[in-house]
Amino acid sequence: MKHDMPYKLMLSESEMPTQWYNVRADMKTKPAPLLNPATGKPVTLDELSKVFCRELAKQELDDVSPYIDIPEEILNFYHMYRPSPLVRAYFLEKALDTPAHIFYKFEGNNTSGSHKLNSAIAQTYYAKKEGLTGVTTETGAGQWGTALAMACAYFGLECDVFMVKCSYEQKPFRREVIRTFGANVTPSPSDTTAVGRDILKRFPGTSGSLGCAISEAVESAITRPGRRYVLGSVLSQVLLHQSIIGLETMAALKKYGVKADIIIGCAGGGSNLGGLISPFMGEKLRGEADYKFIAVEPASCPSLTRGKYVYDYCDTGKVCPLAKMYTLGSGFIPSSNHAGGLRYHGMSSVVSELYDEKLIEARSVEQTSVFQAARDFARVEGTLPAPESSHAIRVAIDEAIRCRETGEAKNIVFGLTGTGFFDMTAYQKFNDGVMSDYIPTDEEIARSLAETPKIG
Ligand SMILES: *Cc1c(COP(=O)(O)O)cnc(C)c1O
C-alpha cells in the first residue's frame, strides 16, 4: 500500500504548544458559574481556594484569558511522553472499505495509560509551588489515581486516593500500580471520613460510587493542613490542561495539510473531549472554520442525551460547589453490568453549555457495540483500546461507514484516550458472549433528577 502521508503525523519537540488554550474566552455565553451550596451565590476565589490550590482556583474562574503559559517544569514532564502520536488509521480505513480518512490521537503511551496525566502533572505542580505537602483525590476505574500517583512521585508530594470499592476489589493490578508510585489507596466508602461512615450506615454493603468517593476525598483534604483536593475531570481547569491534546492535533493536521471535518471524543466528565475539540471549537466560535463535533456517551449513563441542564450537586455528599450541567442527578449510579468508566452523573459545564447551544452533537451507544468496535479496531490497528475510548471508536466507525455509503472522503479525527490492559475482566465478558446492555428507564432517571437542588 502506497501512502500519501506518513502513518504517524509527528510533531517535533520544538513544534509542541507552549500555552494551553481556554475555550471559555471565545464563548459568547460563558458556562454558568459554580455556586456556593450554602449561600446559593457564585463561589469566590477565596472560597474556592479552600478546596483547590490558588492558581488552580484562578484557572477555574478564568473565563477571559484565551492562552495560559504552560510552566517550564510541566513542559519538561510533557516532553517525556509527548507529543502523543496522531495516527492515520490506514488499516481501519481499508478494513471498512471507506473513502473517509480516519485519524486518532493516542493518549495511552504512558504508564497511567490515559490522557489523565496531562492534568495530573499540572495540578501537582501548582500544589507543590504553593508549598502544600500533598493532595487527595478519588478514582473510579483507576486511571486518574494512577496518573496522580505518578505526578506526585515526580514532585515529591504525598497522595491519598479514595478508590470506589468495587474497582478496589475488581482491579487489584491498577491499585498496585498506584501503590507502587507511593500513594495510599483507601476503598470508598470508608470509615475514615464522616461522610463515608454516614453512607456505610445508610447503605451497608454498598460497593461505592464516584460521587461518594469524591465526598470522602474532599472531606479528607479540607480537614488536613497542607492538603488540597484535586479532580481529574469535569472541572474547567482540567479542560484547560487537556487542551494540549487538541493543540497538538491541530498543529499536526496543519503541518500535513489536513482539514478535519468530524471530531469525535468519548465523554465521561468531558475533559478529553473538551481538550481535543477546544482549539477547533475556538475557530468555529470565531467564525474561522467549521467542524462537526460528536460527544459519545454510554447508553447506561446518558447525561447529555437524556439528562437535564440544571444546577446539581457534583458529589453524593453535597460538599462540593454546585455546577450547572447536563446531569442525571447526583444519586444516579449506572447499572452494575456497565463495564467501563464514563459513569459520572454530570458533565463539564463548558461541554454542557456548548452542547446546549447545539455546537456539539451527542450520541449514546450500548456497551456490546462498543466492545465490537474495540475488537475490530484492535485487530487491524494493533492497539488494545480502553473501553472508554472505544465509545469514540464506535462512532468513528459508524461515520466512516456512512462515508462509504455516500462516497464522501471526509476527514474523521477521534480521541483514543487510553489502553485497555486493566480492563480484561470486561473484555473477558465480551469474549465469552455474556456481556449485556442496560438502558435506564425514564422513571429511573426521573427519580434521581427529582433530587437536584431547586435553584433559579
Ligand atoms: C477518565 C477517562 C475517560 C473519561 O474522562 P473524560 O473526562 O470524559 O475525558 C476516557 N477515557 C479514558 C481512558 C479515561 O481514563
* Return the pairs, sorted by first residue and then second, in which the second residue is part of a loop (DSSP other than H, G, I, E, B) and small (Gly, Ala, Ser), the first residue lies in region 87-111 and is open to solvent by 10 Å² or more (accessible area, probe 1.4 Å) and more than 16 Å from the ligand (Cβ to nearest atom), the beta carbons are less than 7 Å apart, and the residues are 6+ apart or on different chains. => Glu93/Ala100; Pro99/Gly407; Pro99/Ala409; His101/Ala409
* Could you figure out which of (1) touching a Lys or Arg at 6+ places or on another chain (Cβ under 8 Å); (2) open to solvent by 10 Å² or more (accessible area, probe 1.4 Å) isn't true of Glu248? => (2)
* Go through (1) farther than 27 Å from Gln242 by Cα; (2) of a type outside the set (Lys, Arg); (3) at pLDDT 95 or above one by one and return the number of the condition Pro453 breaks. => (3)
* For Gly232, are the conditions met, namely being open to solvent by less than 10 Å² (accessible area, probe 1.4 Å), over 12 Å from the mean Cα position of the chain (by Cα), within 16 Å of the ligand (Cβ to nearest atom) and not hydroxyl-bearing (Ser, Thr, Tyr)? -> no
* Structure fact -> Among residues of region 133-157 being more than 16 Å from the ligand (Cβ to nearest atom) and over 21 Å from Glu219 (Cα atoms), the residue least open to solvent (accessible area, probe 1.4 Å) is Phe155
* Determine whether region 238-253 contains at least one residue that is assigned to a loop (DSSP other than H, G, I, E, B), of a type outside the set (Phe, Trp, Tyr), within 28 Å of Leu9 (Cα to Cα) and away from the ligand (no atom under 16 Å from the Cβ). => no
* Structure fact -> Across (1) within 16 Å of the ligand (Cβ to nearest atom); (2) part of a helix (DSSP H, G or I), Gly268 clears everything bar (2)
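Hey, could you check region 410-436 for residues that are open to solvent by less than 60 Å² (accessible area, probe 1.4 Å) and in a loop (DSSP other than H, G, I, E, B) and say which is farthest from the ligand (Cβ to nearest atom)? It would help to see each step written out before you state the result.
Step one: filter region 410-436 for residues open to solvent by less than 60 Å² (accessible area, probe 1.4 Å), giving 411-420, 423, 426-427, 430, 435-436.
Those still in the list that are in a loop (DSSP other than H, G, I, E, B) too: 417, 420, 423, 435-436.
Values: Thr417: 3, Gly420: 8, Asp423: 9, Met435: 19, Ser436: 22 Å.
In this case the residue turns out to be Ser436.
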* State whether the residues of region 306-315 include one that is open to solvent by 10 Å² or more (accessible area, probe 1.4 Å) and within 16 Å of the ligand (Cβ to nearest atom). => yes
* **Flag if Gly407 is surrounded by 24 or more Cβ atoms within 10 Å (Cβ to Cβ), at pLDDT 95 or above and of a type in the set (Gly, Ala, Ser)** => no
* Asked: Would you pick out the residues in region 333-371 that are in contact with a Ser or Thr (Cβ under 6 Å, 6 or more places away or on another chain), among the β-branched types (Val, Ile, Thr), within 13 Å of the ligand (Cβ to nearest atom) and within 30 Å of Pro33 (Cβ to Cβ)?
  -> Val350
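Conditions (1) in a helix (DSSP H, G or I); (2) of a type outside the set (A, V, I, L, M, F, W, C), marked per residue:
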site: His338; (1), (2): no, yes
site: Arg343; (1), (2): no, yes
site: Tyr355; (1), (2): yes, yes
site: Leu359; (1), (2): no, no
site: Ser364; (1), (2): no, yes
site: Thr368; (1), (2): yes, yes
site: Ala374; (1), (2): yes, no
* Please enumerate the residues belonging to region 127-147 that are within 13 Å of Arg228 (Cα to Cα) and in contact with a strand residue (DSSP E or B) (Cβ under 9 Å, 6 or more places away or on another chain). => Ala127, Glu130, Leu132, Thr133, Gly134, Val135, Thr136, Thr137, Glu138
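Which residues, taken from region 256-265, are among the acidic types (Asp, Glu) and within 14 Å of the ligand (Cβ to nearest atom)? Spell out the reasoning first.
Step one: of region 256-265, the residues among the acidic types (Asp, Glu) are 261.
If the condition is that a residue be among the acidic types (Asp, Glu) and within 14 Å of the ligand (Cβ to nearest atom), then no residue fits.
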* Structure fact -> Within region 372-398, the residues that are more than 16 Å from the ligand (Cβ to nearest atom) and either at pLDDT below 95 or buried (at least 21 other Cβ atoms within 10 Å of the Cβ) (or both) are Ile397
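The values are calculated or read from the model by the stated rules, or taken from the named source; none is laboratory data. Treat the numbers as computed from the prediction; the structure is a model and nothing was measured. Because the Cβ atoms are built from the backbone with ideal geometry, glycine has one as well, and the counts that use them run over all protein chains shown. Side chains included, ligands, DNA and RNA excluded: accessible areas come from the protein's heavy atoms. Shrake-Rupley method; radii C 1.70, N 1.55, O 1.52, S 1.80 Å.
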